[in-house]
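Values in this text are rule-based calculations from the coordinates and carry no lab data. This one's a predicted model, so the numbers in the text were calculated from it and none came from an experiment. For neighbour counting, all protein chains shown are included, and Cβ atoms are generated from backbone atoms with ideal geometry for every residue, glycine included.
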Amino acid sequence: MIIDLLRREHRNIDLLLTILERELELFEHGRRPDYEVIRAIISYFEVYPEVYHHPQEDLILSKLTLRDPAAAATVGDLAREHADGADRLRRFAEAIDGVLADREIPRLEVGQIIRDFIVNERHHMMVEERDFFPAALKALLPQDWAEVASVLADHKDPLFSDAAEETFDALRAHILRMEQEAEAERH
């Protein structure tokens, strides 16, 4: 089911945001975060959500608008939210590029830009999970889901699939280390 895939992608995105929070904590405490991991997270957000995840949601919303305009109206302006997210990502990437280029950017300002990105991404996903996905599941017909599935390209997530790209190797290794550490703490 497409909604299950979107929910799984949200969980994957949340995992990246958790890693980003940990790197941000290091940065805010004057330590050096893993900029390779941060750049990989930025690269992931520049590609996967914009090229695959958001177009799926946009297509589902267009079907919802046809089937139940009132429910679609409660979802809000998803396209605007996605564009705002892309703007926050651009500011985040520029801030990190500035840090790496030794530009004079206050640490507090960089931290606020990154936190703004994290908080808004989580809020956006929460609203989709709470309002958008249930409305779509209720209103769309099997033929709508079949049409959505037929339009969507077969794609593999470059980070959370076997088709992982080289760009994300460092991030994948970091995630695996975090999972191993968490597992060791539980035992």
Integer Hz, Karplus 6.51/-1.76/1.60 couplings in order for the stretch 121-127, x for Gly and Pro: 4, 5, 4, 4, 5, 4, 5
Degrees separating the helix 54-67 axis from the principal Cα axis of the chain, which is the longest one: 30 degrees
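For residue 184 and residue 107, what is the calculated FRET efficiency with R₀ set at 45 Å and r taken between the beta-carbons, to the nearest 0.05? Mind dumping the intermediate values first?
Details: r = 32 Å, r/R0 = 0.70.
Given R0 = 45 Å and the Cβ-Cβ separation, E is 0.90.
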Nearest 10 degrees, 0 to 90: helix 35-48 Cα axis against the chain principal axis: 20 degrees
Between helix 2-28 and the chain: long-axis angle, C-alpha atoms, 0 to 90°, nearest 10: 20 degrees
For the chain: Kirkwood Rh in Å [reciprocal of mean 1/r, alpha carbons]: 17.9 Å
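List the trypsin sites (Lys or Arg not before Pro) within the stretch 1-100 that DSSP assigns to loop and that have no more than 11 neighbouring Cβ atoms inside 10 Å.
Numbers: sites: 7, 8, 11, 22, 31, 39, 63, 67, 80, 88, 90, 91; in loops: 31.
Loop-located and lightly packed - 31.
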Over the stretch 6-68: Rg over Rh, Cα atoms, Kirkwood Rh: 1.17
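With an 8 Å cut-off on Cα pairs and a minimum separation of 6 or more residues, tell me the relative contact order of the chain in percent. Write down the numbers at each step before the final one.
Values: 117 pairs, mean separation 60.1, N = 187.
Reported relative contact order: 32 percent.
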Given charges at Cβ of Lys, Arg, Asp, Glu: the chain dipole, positive-most of 37, 89, 59: 59
Listed residues 108, 16, 61, most fluctuating in the chain (Gaussian network, C-alpha, under 10 Å): 108
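Please sort by residue number the GluC sites (Glu not before Pro) in the stretch 58-141 whose DSSP state is loop and whose Cβ has at most 10 other Cβ atoms within 10 Å. Display every interim value, and only then the final one.
Numbers: sites: 81, 94, 104, 109, 121, 128, 129; in loops: 104.
Listed in order of number, the matching sites are 104.
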Radius 11 Å from Cβ of residue 105, net charge of other residues (Lys, Arg +1; Asp, Glu -1): -3
